[in-house]
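Step one of this worksheet: look at the structure below.
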Amino acid sequence: MKRRALWIAGLALLAAPLLPPARPAVAIEDEGPVDLEELERERMARAALHPVRARISRYLEAATKAVDRGQPEEGRALLEKLDPKRLNPYERALVSRLQAHLAYFAGDYAAARERFEAVLAEKILPVRDDNRIRFNIAQLYAASQQWPEVITALDRWARYVAAQDSFAYYLRAVAHYQQDELDAALADARQAVELSSEPLESWLQLLAALHAQKEDFASAIPILEQLVVRFPTKKQYWVQLALTYGAVQDYPRAFAVQMLAYRQGLLKEDKELRRLARVALHQSVPYQAAEVLEKGLAEGAIPREPEALELLANSWIASREYARALPPLRQAAELAPSGNLFVRLGQVYMQREAWAEAGEALQQAIAKGDLKDPGNAELLLGISYYNDHRIDQARSCFARARQHDSSRAAAERWITQVERDLSS
């Protein structure tokens, strides 16, 4: 369970942080269903009663050309010369729409929304054009991070369309997510992805993040697999997929995904390389763990500090490559603040029956101090001396080891053995 908790803790959400909700401020037109065909006929009839006059058309054309030339201020000045009271509804709608676009490009989202609302108030443009404006208003609220207003604006827009499209569902999902409405966000994000033959990267990101936040990791996996296939050079998706496999305790696949990312050169940071090495050790492939660590240390991606060097040494030991384990373990022992790694070094020498070297390492361990089990260090040093035929020194070590509860029984057996040897 602890291992699974660590995998879950490593999962990084893909969406933006939550923001406090704001107060809705979108004007809703008449409630209830809309007969789009009837509404379009009404608009056409109303527009026919209010044609655009030639003078106004020239102003609109000149303002548009000014904007196209990169002179929006000139376009704005031309529109300000027109008196709204002397314009008919259709002309006012066209002027307000162009003013809204000018305000948007100037970064004044509030003014842009105000002018777009003025267009809608005229109720004269074709339904398709008004729908585009309603959707633009929702997007402007999103740009200002006014999430409740986004949802209200999308609800208004949805009344005038036959069916919502993928992007609308995505925008609604983001707005729900930002208000911590995870169930609603998940339903809309799923719709956005399902309705699209090739969903955008950000849509897949959000859907995966929502599944992860609800700890439905099994559902997040196929989404992350899509992201890995479609964007194979983006490291974060490989890392997230591996972590998600770990969260469902599918450690072989978690390891395989990390190795694929590593072989593509995507994993280069210290924490990533150490994580990969630890997973390799857990999957009983210590040689690969050692190779990853050795390469990382050689290239400077992993700092030469005791923990990393000890991990490398342990990987070589698990691979039964004792000779290759000795240099990093000795360096780790020299850098470590306590003598515990010197005890580990002594044990490796003892496994190789290099008794003199083991004795030297264990002496350094005791001299450095702060040992987890000083009695065991004395016992091991005595065993090393005994096998190196230094009997008197071995007996002294066993005598000191006998003073510690953890090593008393073993030390007494060795003392008995030494006395037997001396008397024979």
- line: All-but-one check, ASP180 against (1) crowded, with 17+ Cβ neighbours inside 10 Å; (2) under 20 Å from the mean Cα position of the chain (by Cα); (3) not aliphatic (A, V, I, L, M), failing number (1)
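Residues are listed down the side, and each one gets a yes or a no for (1) at positive phi; (2) of a type outside the set (D, E, K, R); (3) in contact with a helix residue (DSSP H, G or I) (Cβ under 7 Å, 6 or more places away or on another chain):
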| site | (1), (2), (3) |
| --- | --- |
| TYR386 | no, yes, yes |
| GLN393 | no, yes, yes |
| CYS397 | no, yes, yes |
| ARG402 | no, no, yes |
| ASP405 | no, no, no |
| ALA411 | no, yes, yes |
| THR416 | no, yes, no |
| GLU419 | no, no, no |
| SER423 | no, yes, no |
message: Being exposed (fewer than 12 other Cβ atoms within 10 Å of the Cβ) and either at pLDDT below 90 or outside any helix (DSSP H, G or I) (or both) is the filter here; which residues of region 46-70 pass it?
response: ALA48, LEU49, ASP68, ARG69, GLY70
task: Would you be able to tell me the number of residues in region 400-424 that are surrounded by 14 or more Cβ atoms within 10 Å (Cβ to Cβ), out of contact with any Ser or Thr (no Cβ under 8 Å at 6 or more places or on another chain) and of a type in the set (A, V, I, L, M)?
output: 4
- request: May I ask you to verify whether ALA112 is touching a His at 6+ places or on another chain (Cβ under 8 Å) and either in a helix (DSSP H, G or I) or aliphatic (A, V, I, L, M) (or both)?
  value: yes
- line: Within region 137-167, of all residues that are in contact (Cβ under 8 Å) with a residue 40 or more places away in the chain and among the aromatic types (Phe, Trp, Tyr), the one nearest to LEU49 (Cα to Cα) is TYR160
task: Take ALA162 and decide whether it is under 23 Å from LEU36 (Cα atoms) and surrounded by fewer than 16 Cβ atoms within 10 Å (Cβ to Cβ).
output: yes
- request: State whether one or more residues within region 189-201 are outside the structural domain of LEU39 (by TED's automatic domain parsing), acidic (Asp, Glu) and in contact with a His (Cβ under 7 Å, 6 or more places away or on another chain).
  value: no
- prompt: Going by the conditions given, is LEU98 part of a helix (DSSP H, G or I), touching a helix residue (DSSP H, G or I) at 6+ places or on another chain (Cβ under 9 Å), assigned by TED's automatic domain parsing to the domain that holds GLU117 and under 18 Å from ALA112 (Cβ atoms)?
  reply: yes
message: Name the residue that is farthest from ILE151 (Cα to Cα), counting only residues in region 200-220 that are surrounded by fewer than 21 Cβ atoms within 10 Å (Cβ to Cβ) and not polar (S, T, N, Q).
response: ALA218
message: Condition (residue is surrounded by fewer than 24 Cβ atoms within 10 Å (Cβ to Cβ) and either free of Cβ contacts under 8 Å to residues at least 24 places away in the same chain or under 20 Å from TYR322 (Cβ atoms) (or both)) applied to region 364-373: is it met by at least one residue?
response: yes
- prompt: Can GLU117 be described as touching a residue at least 40 places away in the same chain (Cβ under 8 Å) and in a helix (DSSP H, G or I)?
  reply: yes
Selection within region 42-69 - under 12 Å from VAL95 (Cβ atoms) and of a type in the set (Val, Ile, Thr): VAL52, ILE56, THR64
task: Go through the residues of region 359-366 one by one and say whether even a single one is more than 19 Å from ALA410 (Cα to Cα) and either modelled with pLDDT under 95 or acidic (Asp, Glu) (or both).
output: yes
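A quick yes/no check of all residues on (1) within 26 Å of ALA163 (Cα to Cα); (2) exposed (fewer than 14 other Cβ atoms within 10 Å of the Cβ); (3) touching a residue at least 60 places away in the same chain (Cβ under 8 Å):
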{"residue": "GLU74", "(1), (2), (3)": "no, no, no"}
{"residue": "ALA77", "(1), (2), (3)": "no, yes, no"}
{"residue": "LYS85", "(1), (2), (3)": "no, yes, no"}
{"residue": "SER96", "(1), (2), (3)": "no, no, no"}
{"residue": "ALA111", "(1), (2), (3)": "no, no, no"}
{"residue": "LYS123", "(1), (2), (3)": "yes, no, yes"}
{"residue": "PHE135", "(1), (2), (3)": "yes, no, no"}
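The values are calculated or read from the model by the stated rules, or taken from the named source; none is laboratory data. Keep in mind the model is a prediction, meaning the values are calculated, not measured. In this analysis, Cβ positions are derived from the backbone assuming ideal geometry, glycine residues included, and neighbour counts consider all displayed protein chains.
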